[in-house]
Amino acid sequence: MRGIDTAYNYRGFTSHRALARVAADLLGEFTLSTKVGYFPDDSGERSVHSLDPARLRDAIRRSVDDLGRSPDVVFLHNPELALSARSGTEGRDRLADACGVLADEAAAGWCGTWGIATWDARPVAAAIEQGVAGIQPGALLLRAGLSVAHPILTAGETLTRMLKVPPERCWGMSPFSGSTADPVWNAVDLRAFLADQQQCTTPQVAFRLAYELPPVARVAVGTSNVDHLRDLCAATQLAISGTAIHRYRDLITG
Ligand SMILES: NC(=O)c1ccc[n+]([C@@H]2O[C@H](COP(=O)([O-])OP(=O)(O)OC[C@H]3O[C@@H](n4cnc5c(N)ncnc54)[C@H](OP(=O)(O)O)[C@@H]3O)[C@@H](O)[C@H]2O)c1
């Protein structure tokens, strides 16, 4: 585990300060990624989504202050939320402006690079299809794993192709879709995905599969349990059957 992924709005907008307070001496040892796109509303109690350029810029600079260092990556957080209700060209222009802010901030040294984090890549891919030229993110963060429905999985892959982001710079997220308490994780037997007989748990196989669906180089996963973290690190070594992945993709396509 070499990276920490967080966001401007996590923990009620306190996660950056909490990281700096708890682990300032360790943060330099990790790749640090964060996300901007959610802001406190006027009451300060709820978060609202926005691609407003001034707010994005302010959030990036405030993140650097709060973290005590510049993040390695700043992702535009779920831009689809500001795109789906807009016409094609309006959405395209909003996206281009927001990406432009992140690219400028990266060029000015406020972060190492910038990217797009999307829970549902369909509106983002549709906006880019309208002809947003010159958007060159350094990374993409996409939903990954068995819980991702086929349309969202393929839209993420389409986006990676359109933006020419290779798998080494694609990251996956939320391999359990937020929780392993869902009864489905007890009901499934994932051993058919393994290349050979290996000792492992269902969450381990599910986590390992998140590197394949879609192909990504890193997976952002949440855990508050050190044994779980150990299991996840060990799971990265599991050998997966390419044939089983192909069969699975055929099944979910139908
Ligand atoms: N863009 C977005 O809208 C969005 C939304 C959600 C998440 N994300 C991204 O995805 C990342 C992770 O998401 P997430 O934390 O919501 O969901 P997740 O990683 O899919 O699932 C986290 C859950 O899995 C459990 N878990 C982890 N390892 C386990 C293991 N080995 N055995 C059993 N249970 C295990 C954790 O419980 P324990 O704590 O008990 O281990 C926790 O409840 C976030 O950091 C963020 O980057 C993005």
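The values are calculated or read from the model by the stated rules, or taken from the named source; none is laboratory data. Keep in mind the model is a prediction, meaning the values are calculated, not measured. Cβ placement follows ideal geometry from the backbone for every residue including glycine, while neighbour counts extend to all protein chains displayed. Just the protein is used for accessible areas: all its heavy atoms, side chains included, with ligands, DNA and RNA removed. Shrake-Rupley method; radii C 1.70, N 1.55, O 1.52, S 1.80 Å.
Each residue was assigned an accessible area with a 1.4 Å probe, and for Cys233 the value is about 60 Å². Taking the C-alpha atoms only, the angle from helix 150-162 to the longest principal axis of the chain is near 60 degrees. For the chain, with all protein chains in place and a probe radius of 1.4 Å, 48% of the accessible heavy-atom surface sits on carbon or sulfur. Only Lys, Arg, Asp and Glu carry charge here, each on its Cβ (+1 for the first two, -1 for the last two); on that basis the chain has a dipole of about 220 debye about its Cα centre. Principal-axis analysis of the Cα atoms of the chain puts helix 88-107 at an angle of about 80° to the longest axis.
Ligands, DNA and RNA aside, Phe39 has an accessible area near 10 Å² when probed at 1.4 Å. The relative contact order of the stretch 3-137 comes to 24 percent, based on Cα pairs under 8 Å that sit 6 or more residues apart.
Ranked by solvent-accessible area (1.4 Å probe, protein heavy atoms only, all chains present), the residues Val22, Val216 order from largest to smallest as Val22, Val216. Please give the helix 242-253 orientation as an angle from the longest Cα principal axis of the chain, in degrees from 0 to 90, rounded to the nearest 10. That works out to roughly 70 degrees. Annotation: average projected area of the chain is 14.4 square nanometres, based on the convex hull of Cα atoms across all directions.
Accessible area, 1.4 Å probe, largest first: how do Arg191, Arg249 sort? Show your work: numbers first, answer last.
Details: Arg191 165, Arg249 55 Å².
From most accessible down to least: Arg191, Arg249.
Note on the chain: GNM, Cα springs under 10 Å; of Ala24, Ala108, Ala181, the largest mean-square fluctuation is that of Ala181. Normalised per residue, the accessible area of the chain is 51 Å², obtained with a 1.4 Å probe and no contribution from ligands, DNA or RNA. Along each principal axis, taking the top coordinate minus the bottom one, the Cα set of the stretch 3-137 gives 46, 33, 23 Å in descending order. Calculated mean residue ellipticity, 222 nm, the chain: -12000 deg cm²/dmol, from DSSP H runs (n ≥ 4) at -39500 (n - 2.57) each, averaged per residue and rounded to 500. Taking the chain as a Gaussian network of alpha-carbon nodes connected by springs under 10 Å, the highest mean-square fluctuation of the residues Ser84, Ser43, Ser179 belongs to Ser43. Which one, Pro40, Gln237, Ser177, is farthest towards the positive end of the dipole of the chain when Lys and Arg carry +1 and Asp and Glu -1 on their Cβ? So the residue we want is Gln237.
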